[in-house]
Amino acid sequence: MKRQNAVFIVVTIVLVSTIALLANGPESGDWTMRKSEETGKVQFSLMQSSRGHNSQHSTAWSLSAFQGLDNTTAARHDVHFTVTRDAGKFECDGFLVNGEGAGIFHFAADPKYTQEMERLGFRGIDGEKQYEMAALDVSLQFAQAMAGEHLRGMDTEKLIEFRIFNVDSKFIHEMRDAGLPANDSARLVEFRIHGVTPEMARELRRQGYAPDEEKLVEMRIHGATPEWIAEIGKEGYPHIDLERLIEFRIHGVTPEFIEKLHGLGYVHPEPEKLVEMRIHGVTPEFIASMQAKGLKDLSVDKLVEMRIHGIE
């Protein structure tokens with residue numbers, strides 16, 4: 001019985017060690033390389049499937065990242081190169097033809113990485129995350145820089161999102177220089193997703209507006225850009241309230257719409273009336289048809305009332 005127990009213990013230890021090795025050992029996948037429009041870079045993609053999880057990372061990588069790569073030969077040739085990140089190392093084999101090709105890779109995680117990241121306050125990095133952070137080049141230097149920005153909600157997931165959406169210290173400081181707090185990690189990602197830029201914030205301030213961060217995102221979602229606001233101003237509506245401008249975008253009050261109304265004799269209706277007209281379908285075509293029937297002096301309220309009651 002003792003011998004059986006001893007054998008069982010040994011087998012258990014071997015199984016546990018094997019499972020640990022599979023969980024933390026090298027990951028494999030496919031890579032492709034294509035030419036990039038950016039000088040000194042290539043479009044490099046990593047495709048990997050592990051334990052039912054599929055992932056793909058594709059972006060422009062600097063040629064200096066590929067150690068041992070010869071991409072200058074036009075003829076087809078076999079290649080072996082290495083990409084070393086703080087999170088781990090990619091060993092790649094395959095072929096290239098005129099700088100483009102494909103192959104397979106093996107990824108080996110660096111065990112020191114998770115320890116250093118935890119020291120910086122970034123926890124919960126399992127094997128999948130470490131692979132992803134290597135592919136995205138979430139370096140220790142980058143993590144340290146982001147930790148130093150003292151951002152709300154900054155954790156491992158946000159650190160990965162920062163790399164995906166290109167939120168870095170330069171962007172954060174430019175947003176702050178433009179007069180924004182830029183201290184919430186989720187909001188910074190929103191800025192990148194929706195295209196809120198330091199230039200946009202500065203131009204709005206130049207036009208006399210001081211939107212908060214939430215309003216800036218809302219404006220970008222609906223397309224209320226400084227350029228569009230300037231066009232509205234040229235039509236006789238300078239410095240309208242931002243909420244009203246967003247309503248303009250939602251309901252289709254455009255510079256063209258306003259210009260056509262002017263041509264029909266409706267010069268500078270109140271902003272709220274413009275929105276009301278669009279909501280109820282008082283179009284320039286409808287007004288023109290009423291005028292053609294001899295109804296030339298209808299007020300905006302009367303036109304809206306006629307549309308509400310279905311008068312054509």
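Bear in mind that the values in this text are calculations on the coordinates, not laboratory data. Please read all numbers here as calculations on a predicted model, not as lab measurements. Ideal geometry is used to build each Cβ from the backbone, glycine not excepted, and the neighbour counts take in all protein chains shown.
Each Lys and Arg contributes +1 and each Asp and Glu -1, all at the Cβ; summed about the Cα centre of segment 27-112, the dipole is approximately 120 debye. Taking label points 7 Å from Cα along the Cα-to-Cβ direction, Glu272 and Arg176 give a separation of 4.2 nm.
Suppose R0 equals 35 Å. What FRET efficiency, 1/(1 + (r/R0)^6) with r the Cβ-Cβ distance, do Glu116 and Ala230 give to the nearest 0.05? The value I calculate is 0.10. Counting only Cβ charges, +1 for Lys and Arg and -1 for Asp and Glu, the dipole size of segment 123-222 around its Cα centre is about 280 debye. Other residues lying with their Cβ under 14 Å from the Cβ of His77 contribute a combined charge of -3, Lys and Arg counting +1, Asp and Glu -1. Sort out for me the Cα centre separation of segment 265-312 from segment 74-123, rounded to whole Å. Distance between centres, Cα-based: 65 Å.
Think of segment 170-281 as a dipole: +1 on every Lys or Arg Cβ, -1 on every Asp or Glu Cβ, centred on the Cα centre; then among Leu242, Tyr266, Val196, Val196 lies furthest on the positive end. For segment 154-307, the equivalent ellipsoid derived from the alpha-carbon gyration tensor has semi-axes of 41, 15, 10 Å in decreasing order. Checked against a 32 Å cut-off, the cross-linked pairs Lys158/Lys234; Lys89/Lys170; Lys215/Lys296; Lys112/Lys170; Lys41/Lys215 give Cα-Cα distances beyond that limit for Lys158/Lys234; Lys215/Lys296; Lys41/Lys215.
Legend: helices of the chain (whole DSSP H runs) are marked when their alpha-carbon atoms reach 18 angstrom or more along the helix axis and their mean Kyte-Doolittle hydropathy is at least 0.5; marked are 2-24.
Each of Thr72 and Arg123 was given a label point 7 Å from its Cα along the Cα-to-Cβ line. The distance between the two points is 5.0 nm. In the chain, the DSSP-assigned H stretches of four residues or longer account for a calculated mean residue ellipticity at 222 nm of -14500 deg cm²/dmol, using -39500 (n - 2.57) per stretch and the full residue count as denominator.
Summing Cβ point charges (Lys, Arg +1; Asp, Glu -1) relative to the Cα centre of the chain gives a dipole of roughly 700 debye.
Computed over the chain with a Gaussian network model linking Cα atoms closer than 10 Å, the most mobile of Ala210, Ala74, Ala87 is Ala74. Which Cα, out of Val300, Tyr131, Ala182, lies furthest along the positive dipole direction of the chain (beta carbon charges, K/R +1, D/E -1)? In the chain, that residue is Tyr131.
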